[in-house]
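The values are calculated or read from the model by the stated rules, or taken from the named source; none is laboratory data. Because the structure is a prediction, the values reported are computed rather than measured. Don't worry about glycine lacking a Cβ; one is built from the backbone with ideal geometry, like all the others, and counts go over all protein chains shown. With ligands, DNA and RNA removed, areas are computed over all heavy atoms of the protein, side chains included. Shrake-Rupley method; radii C 1.70, N 1.55, O 1.52, S 1.80 Å.
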Amino acid sequence: MKRLVLIMLFVFVFAFSMFLTAKVTLEFWSWRTEDVDVYNALIKMFEKKNPDIHIRFTAFKQTEYNTILSSAIKGGTAPDIIHLRAYGGLEQYAAPGYLVPLDDKVPALANFSDVAISGVRSKKDGKLYGVPFAMQTLVIYYNKRIYKKLGLKEPETWDEFLANLAAVKKAGYIPLANGGKDGWTLEVLHGVICPNFYGANGFFNAVVAGKTNFEDERYRKSLEKLLELRPYMPDNFMGVGYTDMQMLFVNEIAAHFIGGIWEAGYFKSLNPNLDFDIFAGPVAHKGDIRYVSSFNDGSYGIFSGSKHIKEAVKFLRFTATTEFGQYFTDHLLQISAVPGIHPKDKILKKVLELNKHSTPYIMLVGFRWHQPTGSSLLQSALQGMMADKIDSYEVVKRVQKGVETWYKPFQK
Amino acid sequence: MRSRRAKQGLWIAIFVLPALIMVGIFIIAPLFLSFYNSLYNWDGIKRRDFIGLRNFASIFSQYPYKDRFFNAIKHNIIWFIATMLFQNSIGLFFGYLLSRRIKGSEIYKRIFFIPVTFSLVAVGFLWALYLNPIWGIVNKTLKQIGLSGLAHTWLGDARLATPTIIAVNIWRWLGFPTLIFYAGINNIPEEYIEAAYLDGSNEWSLFWKIIFPLIIPSVTIITVLTFIGSLNVFEQIYVMEGLDGGPFYSTDTLGTLFYRTAFGSVDTGLPEIGIGSAIGVVIYVLTFTASATSALLLRRKEVEL
């Protein structure tokens with residue numbers, strides 16, 4: 001009898017200690033294959049403070065992530081923590097109820113900027129479904145060595161910019177690395193150049209409210225500015241894809257690259273000797289306010305079917321801390337969405353400076369909520385315009401016609 | 001007697017069943033599922049309300065689905081015509097030459113077939129590099145031999161993109177029809193051809209009067225396969241131009257349109273599973289009816305040996 005009690009006691013103690021040390025393993029999926037090391041380091045920081053939680057980070061190829069994630073969600077095998085895209089990309093999972101609302105679960109969200117929060121707010125119920133992770137800004141990169149060699153300085157106006165491009169061309173470089181094979185790079189190009197000509201926030205607010213539409217002359221004329229850049233793009237630029245653009249700039253064959261701030265870290269890793277800097281899209285007249293397009297790149301959310309929501313919330317709270325944000329910013333060379341971050345990197349400091357006058361990246365923020373999205377309409381139409389298949393009137397007509405099939409304020 | 005028959009039937013069933021289950025789960029069931037899905041309204045990846053054939057109506061009548069659909073199907077037709085015209089007629093010619101035992105035909109036979117064994121994705125990727133307007137070997141070579149006028153933006157020019165991808169595909173796939181036609185011609189009994197020669201036939205009439213009618217079964221197979229292949233073409237375009245069938249939808253086909261619509265393209269996309277499924281249904285209805293009718297029509301032309 002005594003023995004039996006002892007055995008039972010032993011079993012009980014053993015089971016209880018197992019229970020105490022039992023680690024919860026959370027799955028965390030992402031499309032950031034380039035950032036695996038940094039995420040693992042961040043996860044280690046979290047695990048140190050939460051020894052009972054283990055997080056497994058898996059990154060999928062960007063082009064396949066959506067499909068893999070959607071099927072996993074449908075099949076009920078989705079990870080506990082999901083790296084989500086912003087705006088419409090979040091809405092597609094938030095609206096049907098696949099995500100956990102975080103308003104009361106992650107109190108730190110209250111301190112995030114409006115631009116960051118707009119990317120994680122569902123249009124359906126107004127709740128927040130993710131902790132924003134990075135803010136992106138669209139800029140013009142330039143090669144400082146070439147600028148110094150040719151005695152050029154950062155342009156302020158459109159004419160100065162064109163003059164710089166012409167000078168670089170004369171010196172035998174490709175002035176602008178951008179091409180048109182990948183439609184989305186044209187949308188980015190438009191996001192850098194056009195806002196300063198269509199009237200940035202004034203037009204954005206009006207078009208979002210349905211007070212004007214894309215056939216507005218301000219918008220159409222701003223698109224024509226892109227045509228003026230064609231002589232400075234690579235020969236056969238319609239065949240130049242995204243990776244070609246990067247290689248042209250990194251290998252100092254091209255002097256400018258118009259793109260997102262997410263490129264900076266990649267440029268440095270490919271060519272540590274590359275001396276580059278950034279400036280905002282040029283303006284029509286000296287002294288005009290120079291706007292940059294910016295947007296929330298995405299967020300971390302929790303799958304509503306997760307068995308470990310409590311633990312996942314703990315991790316999400318961690319992603320909203322300055323500790324997380326600062327490490328993220330310093331190591332990925334991107335601007336964390338967490339408020340109160342002080343980037344050490346010179347370029348990132350400048351990005352923050354440029355963001356004093358920011359305007360929402362128009363199609364992503366306003367019109368990528370439903371198919372046909374403003375982005376998909378614009379990207380292909382811009383390809384048509386840059387290849388002289390259609391003119392700017394036709395571009396805005398196609399965009400307007402497509403967006404108004406679902407955008408309520410246009411249907412009034 | 002009867003029990004033996006039943007036993008035999010049982011054995012056949014046992015052998016057929018695994019394949020039948022596989023086909024049932026992975027081919028038949030998805031066909032019906034996608035038809036089922038196409039009858040619903042979708043909220044992202046969640047099925048909502050039954051809407052009958054409204055998704056089909058959208059494909060055929062609503063901007064921009066209608067434009068995209070007819071544009072895509074136009075490119076599928078171009079794929080079919082160009083492949084029939086170039087790949088299969090060259091294949092027939094090569095198959096004929098090989099069967100005439102020209103010098104080195106054994107080596108050619110192998111060389112022609114090598115690209116067929118290559119991975120489609122690798123071929124597309126490598127050719128996209130060769131055709132790159134900046135670093136690509138094609139334009140560099142053309143410029144070096146003084147033909148810079150011929151150095152085009154192969155994959156970035158809306159007029160050239162589809163023909164270029166078709167040409168790459170022909171390069172890869174030519175060995176297949178060549179081998180089928182070669183085998184077909186080899187199957188023709190020697191006496192027929194000797195008899196034709198004895199009757200004073202020349203090569204031209206020998207080919208058209210004797211050989212071609214006797215290899216109609218091979219022609220049927222190749223035509224039907226080309227048709228199915230052209231309707232379902234996807235990988236080559238996905239690898240060389242991406243999901244958007246760019247530039248400016250000039251390489252879009254039903255395959256890329258379907259994928260993009262059903263799963264959402266990478267940078268702009270939100271999935272539209274209802275519309276996507278409807279496109280899928282249209283693709284398989286087209287494939288089925290067209291291959292069935294073409295098989296029937298061509299079978300009539302077959303000559304018994």
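Can you bin chain A into rounded, prolate or oblate? Criterion: square roots of the alpha carbon gyration tensor eigenvalues sorted a ≥ b ≥ c, rounded for a/c under 1.5, prolate for a/b above b/c, oblate for the rest.
Working: a/c = 2.47, a/b = 1.77, b/c = 1.40.
Prolate is the answer for chain A, as a/c is 1.5 or above and a/b outweighs b/c.
Taking Cα centroids, how far is segment A:250-271 from segment A:192-233 in Å?
26
Angle, helix A:374-386 long axis vs. longest principal axis of chain A, Cα atoms, 0 to 90°, nearest 10?
The helix A:374-386 is inclined about 30 degrees to chain A.
Based on the alpha-carbon gyration tensor of the protein assembly as shown and its eigenvalue square roots a ≥ b ≥ c, which shape applies: rounded if a/c is under 1.5, prolate if not and a/b is larger than b/c, or oblate? Walk me through the numbers before you get to the answer.
Working: a/c = 1.96, a/b = 1.29, b/c = 1.52.
Oblate is the answer for the protein assembly as shown, as a/c is 1.5 or above yet b/c matches or exceeds a/b.
Arrange the residues B:Ser89, B:Ser218 by how much accessible surface each exposes, largest first, with a 1.4 angstrom probe.
Values: B:Ser89 55, B:Ser218 15 Å².
Sorted descending by solvent-accessible area, the residues read B:Ser89, B:Ser218.
Within 10 Å of each Cβ in peptide B:240-253, how many partner chain Cβ atoms are there on average? Round it to a whole number, please.
Values: counts 0, 3, 7, 1, 7, 1, 11, 14, 14, 5, 5, 0, 1, 0.
Per residue, the number of nearby Cβ atoms from other chains is 5 on average.
Using DSSP H assignments, which helices in chain B have an axial alpha-carbon span of 27 Å or above and a mean Kyte-Doolittle hydropathy of 1.0 or higher?
Numbers: long enough: B:2-23 (30 Å, 0.85); B:273-301 (42 Å, 1.24).
Sorted by number, the helices that extend far enough and score high enough are B:273-301.
For every other residue with a beta carbon closer than 15 angstrom to the beta carbon of B:Val121, add +1 if it is Lys or Arg and -1 if Asp or Glu, then tell me the sum. Working shown, then result.
Working: positive: A:Lys61, B:Arg172; negative: A:Glu64, B:Glu235, B:Glu241.
Around B:Val121, the surrounding residues sum to -1.
Rounded to the nearest 10 degrees, what's the angle between the helix A:2-21 long axis and the longest principal axis of chain A, both from Cα atoms, 0 to 90?
Computed tilt is about 10 degrees.
Could you rank A:Asp391, A:Asp35, A:Asp275, A:Asp104 by how accessible they are, 1.4 Å probe, largest area first?
A:Asp104, A:Asp391, A:Asp275, A:Asp35
Which longest run of chain B has no exposed loop site in it, a site being chymotrypsin sites (Phe, Trp or Tyr not before Pro) in a DSSP loop with at most 14 other beta carbons within 10 Å, and the site itself not part of the run? Kindly include the intermediate steps, with their values, before the conclusion.
Values: sites that count: B:Phe118, B:Trp135.
The longest such stretch corresponds to B:136-305.
Using a 1.4 Å probe, how large is the accessible area of A:Leu128, given in Å² and rounded to the nearest 10?
Answer for A:Leu128: close to 20 Å² accessible.
For chain A, take the longest principal axis of its alpha carbons; what is the angle in degrees between that and the long axis of helix A:309-319, to the nearest 10 within 0 to 90?
It works out to around 40 degrees.
Counting only other chains, what is the mean number of Cβ atoms within 10 angstrom of the Cβ of each residue in peptide A:90-96?
Details: counts 0, 3, 9, 3, 1, 3, 7.
For peptide A:90-96, the averaged partner shielding equals 4.
Going by accessible area, probe 1.4 Å, with all protein chains left in place, what is the ranking of A:Thr359, B:Thr117, largest first? Kindly include the intermediate steps, with their values, before the conclusion.
Numbers: A:Thr359 0, B:Thr117 95 Å².
Result, largest first: B:Thr117, A:Thr359.
Calculate the mean, over all residues of peptide A:63-74, of how many other protein chain Cβ atoms lie within 10 angstrom of the residue's Cβ.
Working: counts 6, 2, 1, 8, 6, 0, 1, 7, 2, 0, 3, 4.
Mean inter-chain Cβ contacts per residue within 10 Å come to 3.
Where a ≥ b ≥ c are the square roots of the eigenvalues of the C-alpha gyration tensor, would you call segment B:67-301 rounded, which needs a/c under 1.5, or, failing that, prolate if a/b is larger than b/c, or oblate?
Values: a/c = 2.75, a/b = 1.46, b/c = 1.88.
Taking the square roots of the gyration eigenvalues as a ≥ b ≥ c, segment B:67-301 is oblate.
Quote the accessible area belonging to A:His331 in square angstrom, nearest 10, computed with a 1.4 Å probe and with ligands, DNA and RNA left uncounted.
Approximately 100 Å² for this residue.
With a cap of 12 neighbouring Cβ atoms within 10 Å, and only residues DSSP puts in a loop, list the trypsin sites (Lys or Arg not before Pro) found in segment A:194-261. It would help to have the intermediate numbers written out before the result.
Values: sites: A:Lys211, A:Arg218, A:Arg220, A:Lys221, A:Lys225; in loops: A:Lys211.
Loop-located and lightly packed - A:Lys211.
Using alpha-carbon positions, what is the distance between the centroids of segment B:213-238 and segment A:106-123, in Å?
First find each Cα centre; the distance between them is then 54 Å.
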